[in-house]
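Chemist: So that we are looking at the same thing, I have put the structure below in structure tokens.
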Ligand code: AMP
């Protein structure tokens, strides 16, 4: 027997419609690419998204067409999210930090018809334009007065593009499984792969993001997503914040510590989300001033592991709570978020730290298990580690144009991460499958060793890779960026680490670099380090 309830499709338009109806005057503040801070609201964003939707249809955009954005976190970018998906087209957010060849590959693979770009990207799009096969028109995200000087021929500015369109739009109602947006994976190995999010997946992910034990989005918060809108839709914040009626502060292109601090301080930001490298810069600025941005209560750290050192700096030095989170492009992205269960509240800080360092706790909607190399499920004992598999309504089933399932025969997605799980649902990433160091028969967690190393006062950043060893096959090489002038030798670092990690993990070699190679989403490029240290042997 079927239930007798309405079968209302879960469409992205409903998110912004709700916010426009009940949180119309809630502010959306943007540090614009032009420089000044611009003030909008959910009501205004919705009205302008209606205009943009009409302008796109007038231009000839049809359902299923792909439209690229090469843009920072701004109000106009939010308008694009809603207008494009709302007419059944696909908002393809392109990572603007990619090399030209990658941009060309992605634009051609997606067959984007239009490209909306921020004006500081003008030179890049002008270089790329002759190599694109499907792009008909470029639209600069500015008004006529701020049109970039160098841009592809026939570029129109955003304000002129929408100027003539009506502010009223009858939003179409269609199947909730329709594609809404698209993001390519970072592609550290092989070509980037397109992940095509559906309306249903995006709405369910947005609802789950708001839970208190997930991101705890509240009407009384002011949220600043540092994580870019081209990196898995800024972790879904432009979709989840409207549900909670949460004010947003969009940082535009200026993501250095001082600029972020000033914006957060002035706009009363209570919560911000980003990757560890961004937070290191903000923390340096906070240390310099000896204070936090006035209203800042918490930060979410994801995309790469949060170390004990970074958690301590936020929490002990500045009284800002850290919530660790993990996810991936293929997961919309949220997989787990770390909040402490009440039974851990009474523990000492030292006892809580191993729990806080875990990537997070299971959220409803993401099923997880760990398996060995033969696919046999492993115990959830918090000790055994294995390949992390996931399943759920906001997880990829197939890559764009791949023509084949991305799943195991029994329907799981293999994350490529190695993790432990415990009975409370806490998950700890011990490594990427391709980064783990196999020393003899034992596995050494490069992430665990890096986290321990950055606790040393002389080490600002650390990356660990496996290098050849005649007896153990692979042993860890610790590559560090110094915090100051001091560069302690291997023996000193090993004796510091000896109290923190198993003896087997202690690095066999140490190298100092001025900086680590970072990819377009702020992750350390281990493949580059492996190339750089190819042929390195120890033992
Ligand atoms: P991306 O698809 O670019 O977001 O990358 C996803 C990958 O980043 C995951 O599969 C993890 O390997 C890594 N990652 C994301 N969050 C974390 C975290 N909190 N700790 C460690 N690794 C993470």
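Chemist: What do you reckon, is residue 224 outside the structural domain of residue 527 (by TED's automatic domain parsing), within 21 Å of residue 298 (Cα to Cα) and in contact with a strand residue (DSSP E or B) (Cβ under 6 Å, 6 or more places away or on another chain)?
Modeler: Criteria met by residue 224.
Chemist: Let me ask something else about it. Tell me which residues, restricted to the stretch 419-449, are part of a strand (DSSP E or B) and out of contact with any strand residue (DSSP E or B) (no Cβ under 9 Å at 6 or more places or on another chain).
Modeler: 442
Chemist: In addition: In the stretch 184-201, what residues are over 18 Å from residue 98 (Cα atoms), within 16 Å of the ligand (Cβ to nearest atom) and buried (at least 23 other Cβ atoms within 10 Å of the Cβ)?
Modeler: Selection gives 197, 201.
Chemist: Looking at this structure, is residue 186 farther than 22 Å from residue 361 by Cα, outside any strand (DSSP E or B) and in contact with a helix residue (DSSP H, G or I) (Cβ under 6 Å, 6 or more places away or on another chain)? Outline the logic, then answer.
Modeler: Working: farther than 22 Å from residue 361 by Cα: yes; outside any strand (DSSP E or B): yes; in contact with a helix residue (DSSP H, G or I) (Cβ under 6 Å, 6 or more places away or on another chain): no.
For residue 186, the condition - farther than 22 Å from residue 361 by Cα, outside any strand (DSSP E or B) and in contact with a helix residue (DSSP H, G or I) (Cβ under 6 Å, 6 or more places away or on another chain) - is not met.
Chemist: Moving on to the next point. Look through 408, 420, 384 and report the one residue that is in contact (Cβ under 8 Å) with a residue 12 or more places away in the chain and surrounded by 15 or more Cβ atoms within 10 Å (Cβ to Cβ).
Modeler: 420
Chemist: Something else now. Inspect all residues belonging to the stretch 210-231 and state whether any of them is within 14 Å of the ligand (Cβ to nearest atom) and modelled with pLDDT under 95.
Modeler: Yes, there is a match, as at least one residue in the stretch 210-231 is within 14 Å of the ligand (Cβ to nearest atom) and modelled with pLDDT under 95.
Chemist: Given the residues 145, 180, 172, 206, which is the only one that is in a strand (DSSP E or B) and over 16 Å from residue 98 (Cβ atoms)?
Modeler: Criteria check complete, one pass: 180.
Chemist: Can you give me the number of residues within the stretch 96-115 that are touching a helix residue (DSSP H, G or I) at 6+ places or on another chain (Cβ under 6 Å) and closer than 25 Å to residue 64 by Cβ?
Modeler: Residues flagged as touching a helix residue (DSSP H, G or I) at 6+ places or on another chain (Cβ under 6 Å) and closer than 25 Å to residue 64 by Cβ within the stretch 96-115 amount to 3.
Chemist: For residues that are more than 16 Å from the ligand (Cβ to nearest atom) and within 20 Å of the chain's Cα centre (by Cα), scanning just the stretch 269-291, find the one that is surrounded by the fewest Cβ atoms within 10 Å (Cβ to Cβ).
Modeler: Among residues in the stretch 269-291 that are more than 16 Å from the ligand (Cβ to nearest atom) and within 20 Å of the chain's Cα centre (by Cα), the one surrounded by the fewest Cβ atoms within 10 Å (Cβ to Cβ) is 281.
Chemist: Could you list all residues from the stretch 500-527 that are closer than 19 Å to residue 438 by Cα, outside any loop (DSSP other than H, G, I, E, B) and either more than 26 Å from the chain's Cα centre (by Cα) or away from the ligand (no atom under 16 Å from the Cβ) (or both)?
Modeler: The answer is 503, 504, 505, 509, 510.
Chemist: List the strands (runs of 3 or more DSSP E) that sit entirely inside the stretch 28-123 and contain at least 3 residues that are not assigned by TED's automatic domain parsing to the domain that holds residue 173.
Modeler: Details: elements: 37-41, 66-70, 90-93, 112-117.
Counting at least 3 such residues, we get no strands (runs of 3 or more DSSP E) at all.
Chemist: Scan the stretch 400-430 residue by residue and report those that are on the phi > 0 side of the Ramachandran plot and near the ligand (Cβ under 10 Å from one of its atoms).
Modeler: Selection gives 416 alone.
Chemist: In the stretch 162-183, what residues are farther than 22 Å from residue 68 by Cβ and within 16 Å of the ligand (Cβ to nearest atom)?
Modeler: none
Chemist: List the residue pairs whose Cβ atoms are under 7 Å apart, where the first residue sits in the stretch 88-113 and is on the phi > 0 side of the Ramachandran plot, the second is at pLDDT 95 or above, and the two are 6 or more positions apart or on different chains.
Modeler: So the pair list comes out as 88/63; 88/64; 88/172; 88/174; 88/178; 111/66; 111/134.
Chemist: Moving on to the next point. Here's a check for you: in the stretch 450-475, which residue that is over 16 Å from residue 488 (Cβ atoms) and part of a loop (DSSP other than H, G, I, E, B) is nearest to the chain's Cα centre (by Cα)?
Modeler: It comes out as 472.
The values are calculated or read from the model by the stated rules, or taken from the named source; none is laboratory data. Not measured: the values here are computed from a predicted model. Neighbour counts run over all protein chains shown; Cβ positions are idealised from the backbone, glycine included.
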